[in-house]
Amino acid sequence: MPRNTVKNAAAMMDRTLHGIGACVFDAYGTLFDVNSATSPFLGDLGDKAEALNRIWREKQLQYTWLRAAQGKHADFWQVTGDALDFALDVLDISDPGLRRRLMDAYLTLHAYPDVSPALGRLKEAGFRLAVLSNGTPKMLASAVSSAGLAGKFGAVLSVEEAGVFKPHPRVYQLAVDRLGIASGSIAFISSNGWDVYAASAFGMRTVWCNRAGHKPERLPGKPGLVLPSLTELPELLSTG
């Protein structure tokens, strides 16, 4: 075997997460491209499309954190609508019809191209697959179905069962309870750094699918792996 091939194989073994029984995925930004909600409406939004994407997503996440800190829970559908209303107001867009269509589009977000192949290979390798998301059960069921991922997951878990948003530990406990395995046997995969660090601090093994190339967070916990996409993931997890 060529020396470079041996070296690459050894490096991959050093990076492998061993003893994994289940892979639990965040949904929005990890499996589903949140920016695809606005892509059908570029003609309506014009040069405001990029700003709308950014403000909508930033405010959506901020509202989940602030509601969790305040103990004032509302489901993710309401939070998503409130965040959209804020973004539309900032950008001086007043179009109730467009607002309704943008919200409807959030139910049918596109999956990233690497998602379905990676899930297929993980399932063939014998890993149990699940989703753990801020989304409501209705939102998640619609997104999974419209993206052609129905049947890929053994469980699709919503924070509504915990009554609080990530990164509260009760959310990560949902996966432990539903799957019936220890947190250290779960590989939690998310594109959101804060989510990965929180799951790691909880006790899960973590993979940061760092699609945007963000810098490391300064938070408790640490990613077990950092990948630019899900493509490499199946080769870097092991049940043994």
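A few remarks follow.
- When residues of segment 205-224 are limited to those that are open to solvent by less than 10 Å² (accessible area, probe 1.4 Å) and over 18 Å from Ala125 (Cα atoms), the one farthest from the chain's Cα centre (by Cα): Thr206
- Hey, Leu98 touching a residue at least 12 places away in the same chain (Cβ under 8 Å) and either surrounded by 18 or more Cβ atoms within 10 Å (Cβ to Cβ) or closer than 15 Å to Arg54 by Cα (or both) or not: no
- Among the residues of segment 16-38, the ones that are of a type in the set (S, T, N, Q) and either without any contact (Cβ under 8 Å) to a residue 60 or more places away in the chain or on the phi > 0 side of the Ramachandran plot (or both) come to 1 in all.
Here's the yes/no breakdown for (1) among the aliphatic types (A, V, I, L, M); (2) open to solvent by 30 Å² or more (accessible area, probe 1.4 Å); (3) touching a strand residue (DSSP E or B) at 6+ places or on another chain (Cβ under 8 Å):
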site: Leu91; (1), (2), (3): yes, no, no
site: Arg121; (1), (2), (3): no, yes, no
site: Ala141; (1), (2), (3): yes, yes, yes
site: Arg170; (1), (2), (3): no, yes, no
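- Applying the criterion of at least 1 residues that are β-branched (Val, Ile, Thr) to the helices (runs of 4 or more DSSP H) found wholly in segment 52-170 leaves 76-90, 115-124, 137-146.
- The single residue among Ser191, Ser200, Ser142, Ser158 that is under 21 Å from Tyr106 (Cα atoms), in contact (Cβ under 8 Å) with a residue 24 or more places away in the chain and in contact with a Lys or Arg (Cβ under 7 Å, 6 or more places away or on another chain) turns out to be Ser191.
- Yes/no for Gly163 being more than 16 Å from Asp26 (Cα to Cα) and either open to solvent by less than 30 Å² (accessible area, probe 1.4 Å) or touching a residue at least 24 places away in the same chain (Cβ under 8 Å) (or both): yes
The values are calculated or read from the model by the stated rules, or taken from the named source; none is laboratory data. Predicted model only: the values in this text are computed from it and were never measured. With ideal geometry, Cβ positions are generated from the backbone for all residues, glycine too; neighbour counts draw on all protein chains shown. Calculation scope for accessible area: heavy atoms of the full protein, side chains included, ligands and nucleic acids excluded. Shrake-Rupley method; radii C 1.70, N 1.55, O 1.52, S 1.80 Å.
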